[in-house]
Structure formats: C-alpha cells, structure tokens
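Visitor: Can you read through this structure? Questions will come right after.
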Amino acid sequence: MTLPDNTSARNSASHPSPVDGARPRWWIYRGTGEPLRDTTLGELLPPPPPWRAFDGTPVQDTPPDDEVETTRRLGSHRPAGYASAFAHREAEMVNAALLLRRPLLVSGRPGTGKSSLAYRISRELRLGRVLRWHITSRTTLQRGLYEYDAIGRVQDTAALRAAAGDDGPDKAPTTPPDIGDYIQLGPLGTALLPYREPRVLLIDELDKSDMDLANDLLSVFEEGSYTIPELRRARRRHPVVRVLTDDPDGEADISGGTVGCRAFPVVIMTSNSEREFPPAFLRRCLLLHMPEPGEDDLAGMMAAHFGENLAEEWGGPLVARFLERSRGLGGLAIDQLLNSVYLATSRSAEGDDGDLRSLVEAVWHRLDGTAPGVRQG
C-alpha cells in the first residue's frame with residue numbers, strides 16, 4: 001500500500017527520515033522522535049480496511065497533552081544520530097498496526113523499554129496524552145471500560161432528601177443527582193470514545209492478568225464499542241449523558257448508553273513473556289518482540305535524558321560495564337543505567353573514583369529477587 005504522491009511528499013518534507021537510510025514511502029511513524037510538522041495523522045492515514053471502519057458519535061474534543069509525563073518517560077533532549085538496527089522493525093510493525101487498526105502486542109524481558117514505545121508514538125504523531133492501563137491479577141474488563149459509583153449516588157440522594165425535608169407523604173420526591181456524575185470511564189473506555197484521531201492506549205503487563213481478560217478484550221477490539229447498562233436503561237429520560245473520563249478533569253458525552261470509536265486507538269500491549277495468550281487473541285494482534293538494547297540504544301537513551309555532551313563523556317565506559325554486568329546477571333533494566341548515570345554525575349557523589357564506581361554499580365542488582373553478592377548454587 002502506498003500513500004498518494006502529494007501526501008508522501010508532504011510527509012517527507014515535514015518529517016525527515018532517520019539517519020540510517022530512507023524509509024518506505026507508506027510509513028507514517030518514522031521512529032525519529034521528531035513530532036509531525038505542518039500536518040496531522042488524520043491527513044496522512046489512509047482509510048481503514050472496510051472490516052475495521054468505525055463511525056461512532058458524538059465526536060469528542062481534542063484530547064489533552066501531557067508533555068510532563070512524556071518527558072519523564074523519554075527525556076527532554078531529542079538527540080540526532082542515534083539509531084539501532086531494531087528501529088526499522090519497530091517502525092515497520094507500528095505502521096502496520098496504524099494501517100490495519102489492530103493492537104500491537106510488544107513482548108520482551110522486563111526493563112527493555114517496551115512501555116516507552118507508546119510515548120514515542122504519541123509524541124511523534126502528536127496524539128496527546130497516553131492513556132495507561134496497568135494490569136494486575138485482579139484487573140477486570142469492566143474496570144478498564146468504566147466504573148459506576150452506585151453507592152455514592154444513593155448516599156448523595158439520601159443526603160439531598162434529608163436536607164430538603166423530603167420524608168413526608170405530601171412532599172414531592174427529590175430528583176436524584178445526575179447519573180453522569182457517578183460514572184467514570186477507564187483508560188480503555190476513554191480510548192474508545194469517538195475521537196477524530198486515535199488515542200494512544202498503553203495496556204501494561206497484560207500477562208499479569210487473569211486468564212480470561214485476553215478473551216474478554218476480543219469482542220471490544222473487534223467491535224470498537226461497548227455498552228454502559230446503567231445509561232442504556234435510562235436512555236429514554238436521558239438520551240445524552242455527560243460522564244467523567246480517564247483524563248484529568250475530562251468529560252465526554254455518551255449517547256444512548258453506547259460508546260463507539262471513530263478512529264480505532266493505537267493500542268500498545270506489553271508482555272514480559274511470562275505466559276502464553278489464546279490463539280484467537282493473538283490472531284487479532286500484531287506481534288513485536290523487543291530485543292536486548294545495544295550500546296547505540298543505551299547511548300541514545302542517555303543522550304535523551306542527560307544531553308549529548310554528558311552522554312558522550314560517560315557513555316562509553318559506563319555503558320560497556322553495564323552491558324557486561326547485565327549479561328552476567330541475566331539482564332538488567334534500562335532505568336538502572338539511568339540511575340547510575342545520575343549518581344555518577346551528581347555533586348552528592350563526589351569522592352574518589354573507587355567509591356564512586358562502587359556506588360554507581362550498587363544499583364546494578366539482579367532482577368530476580370536475589371540479594372546483591374549472593375550466588376545461586
């Protein structure tokens with residue numbers, strides 16, 4: 001599939017290719033870290049396949065940005081010249097997910113930067129705040145879609161009646177509080193609102209879930225919609241209800257008790273490969289395995305968080321020692337390297353080189369729960 005010539009030309013001019021070579025013309029996400037300029041994803045994205053087209057209404061307002069959280073995840077610097085061999089495969093699968101309107105399941109060892117992909121996509125394609133749904137063994141599909149505080153509404157109704165003295169046979173009943181004030185959409189429910197451009201939804205550590213959650217997600221991903229029974233029952237009296245969303249101070253209008261997307265969200269699901277998923281679920285996802293980061297990857301991350309000068313000064317020997325230690329301990333997390341760089345460059349860490357090295361490497365402990373210095377027999 002290729003984009004029309006004029007669209008491809010505009011994207012190439014406003015969104016330069018990475019330093020390691022030209023990219024296919026049909027790519028929209030380039031993996032450069034540079035946000036789109038003079039265009040939007042809606043202008044670049046071809047129509048969906050007929051079986052993945054959605055037309056939810058009413059169209060929602062543009063989602064908020066959250067540059068503070070994105071910077072915390074990715075760093076404030078955007079270094080040029082850092083590209084890994086894996087970047088091509090990553091961008092290829094992201095673009096396939098965009099075009100097919102399918103979720104992307106990203107697997108790999110803990111600490112390899114799987115969840116950061118969602119923030120890179122959001123920053124580059126200017127899709128606003130990332131909706132994050134962290135999964136545990138107690139997570140249910142409904143918690144991801146919405147929550148209804150029925151008890152709170154009953155208590156508030158009783159308090160209003162008591163304040164109005166509405167306890168006698170001749171008193172007119174007090175109108176209950178608006179039901180929309182007691183319904184809040186979760187991250188998944190918010191992502192499926194009918195936005196003009198897709199939201200980015202991060203479903204983090206899906207393999208921590210109950211065995212049924214993956215199967216429960218199937219119909220939601222296929223239909224791109226869900227129903228809120230509490231609003232469905234009240235649709236004659238309240239055809240449109242304004243509810244809370246997962247965004248800070250966010251609100252959305254729900255018509256007829258049903259939420260249906262307009263642009264299928266960019267769904268990034270992460271897995272630590274701790275268990276297998278049902279074949280029917282995998283068939284509806286695109287799969288990407290995140291490899292171990294190499295020297296170039298780690299140098300780029302250091303430059304993004306600390307600047308290229310500092311990364312160049314500390315990157316070589318520190319990254320080499322980190323990779324050596326990581327291989328010896330069965331894998332370390334990227335944030336352990338970032339912590340050590342901060343310690344190494346902090347004024348509070350001033351001292352002789354031996355003490356500094358010992359302090360820096362103290363944060364490089366193994367991730368399997370074994371205490372530092374303890375050998376497994």
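The values are calculated or read from the model by the stated rules, or taken from the named source; none is laboratory data. As the structure is a computational prediction, the values presented were derived from the model and not from experiment. Quick reminder, even Gly has a Cβ in these numbers, built from the backbone with ideal geometry, and neighbours come from all protein chains shown.
Visitor: Could you tell me how many of the residues in region 118-144 are assigned to a helix (DSSP H, G or I) and within 13 Å of the chain's Cα centre (by Cα)? Reasoning before the result, please.
Guide: Going through region 118-144, the residues assigned to a helix (DSSP H, G or I) turn out to be 118-125, 141-144.
With the extra rule that they be within 13 Å of the chain's Cα centre (by Cα), the set shrinks to 118-123.
So the count comes out to 6.
Visitor: Suppose we filter E223, E205, E230, E197 for residues that are closer than 26 Å to L45 by Cβ, surrounded by fewer than 21 Cβ atoms within 10 Å (Cβ to Cβ) and touching a residue at least 60 places away in the same chain (Cβ under 8 Å); which single one remains? Give the derivation first.
Guide: Values: E223 fails: touching a residue at least 60 places away in the same chain (Cβ under 8 Å); E205 fails: closer than 26 Å to L45 by Cβ; E230 fails: closer than 26 Å to L45 by Cβ.
Just one listed residue meets the conditions, E197.
Visitor: State which residue is farthest from E124 (Cα to Cα) when the search covers only region 20-61 and only residues that are at pLDDT below 95 and touching a Phe, Trp or Tyr at 6+ places or on another chain (Cβ under 8 Å).
Guide: Within region 20-61, the match that is farthest from E124 (Cα to Cα) is V59.
Visitor: Quick one: count up the residues across region 139-168 that are touching a residue at least 60 places away in the same chain (Cβ under 8 Å) and under 28 Å from R72 (Cα atoms).
Guide: The total comes to 3.
Visitor: While we're here: Taking S76, is it among the hydroxyl-bearing types (S, T, Y) and either exposed (fewer than 14 other Cβ atoms within 10 Å of the Cβ) or not assigned by TED's automatic domain parsing to the domain that holds E276 (or both)?
Guide: Details: among the hydroxyl-bearing types (S, T, Y): yes; either exposed (fewer than 14 other Cβ atoms within 10 Å of the Cβ) or not assigned by TED's automatic domain parsing to the domain that holds E276 (or both): yes.
Yes.
Visitor: I'd like to verify a number: residues in region 328-371 that are under 21 Å from E292 (Cα atoms), in contact with a Ser or Thr (Cβ under 9 Å, 6 or more places away or on another chain) and either modelled with pLDDT under 70 or in a helix (DSSP H, G or I) (or both), how many?
Guide: 4
Visitor: Does region 244-257 contain any residue that is surrounded by 19 or more Cβ atoms within 10 Å (Cβ to Cβ), at pLDDT 95 or above, of a type in the set (S, T, N, Q) and part of a helix (DSSP H, G or I)?
Guide: No, because not a single residue in region 244-257 is surrounded by 19 or more Cβ atoms within 10 Å (Cβ to Cβ), at pLDDT 95 or above, of a type in the set (S, T, N, Q) and part of a helix (DSSP H, G or I).
Visitor: Something else: Which one is surrounded by the most Cβ atoms within 10 Å (Cβ to Cβ) among residues in region 208-220 that are in contact (Cβ under 8 Å) with a residue 40 or more places away in the chain and polar (S, T, N, Q)?
Guide: Checked region 208-220; the qualifying residue surrounded by the most Cβ atoms within 10 Å (Cβ to Cβ) is S209.
Visitor: Given the criteria part of a strand (DSSP E or B) and surrounded by fewer than 17 Cβ atoms within 10 Å (Cβ to Cβ), does L287 qualify? It would help to see each step written out before you state the result.
Guide: Working: part of a strand (DSSP E or B): yes; surrounded by fewer than 17 Cβ atoms within 10 Å (Cβ to Cβ): yes.
Yes; evaluated as a whole, the condition is true for this residue.
Visitor: Scan region 94-104 and tell me whether some residue there is within 21 Å of M290 (Cβ to Cβ) and assigned to a strand (DSSP E or B).
Guide: Yes, the conditions are met somewhere in region 94-104.
Visitor: For L329, are the conditions met, namely being touching a residue at least 40 places away in the same chain (Cβ under 8 Å), touching a Lys or Arg at 6+ places or on another chain (Cβ under 8 Å) and surrounded by fewer than 20 Cβ atoms within 10 Å (Cβ to Cβ)?
Guide: Details: touching a residue at least 40 places away in the same chain (Cβ under 8 Å): no; touching a Lys or Arg at 6+ places or on another chain (Cβ under 8 Å): yes; surrounded by fewer than 20 Cβ atoms within 10 Å (Cβ to Cβ): yes.
Considered against the rule, which asks whether it is touching a residue at least 40 places away in the same chain (Cβ under 8 Å), touching a Lys or Arg at 6+ places or on another chain (Cβ under 8 Å) and surrounded by fewer than 20 Cβ atoms within 10 Å (Cβ to Cβ), L329 comes out as no.
Visitor: Looking at this structure, is E90 surrounded by 14 or more Cβ atoms within 10 Å (Cβ to Cβ), in contact (Cβ under 8 Å) with a residue 24 or more places away in the chain and in contact with a Pro (Cβ under 7 Å, 6 or more places away or on another chain)? Reasoning before the result, please.
Guide: Details: surrounded by 14 or more Cβ atoms within 10 Å (Cβ to Cβ): yes; in contact (Cβ under 8 Å) with a residue 24 or more places away in the chain: yes; in contact with a Pro (Cβ under 7 Å, 6 or more places away or on another chain): no.
No, not satisfied.
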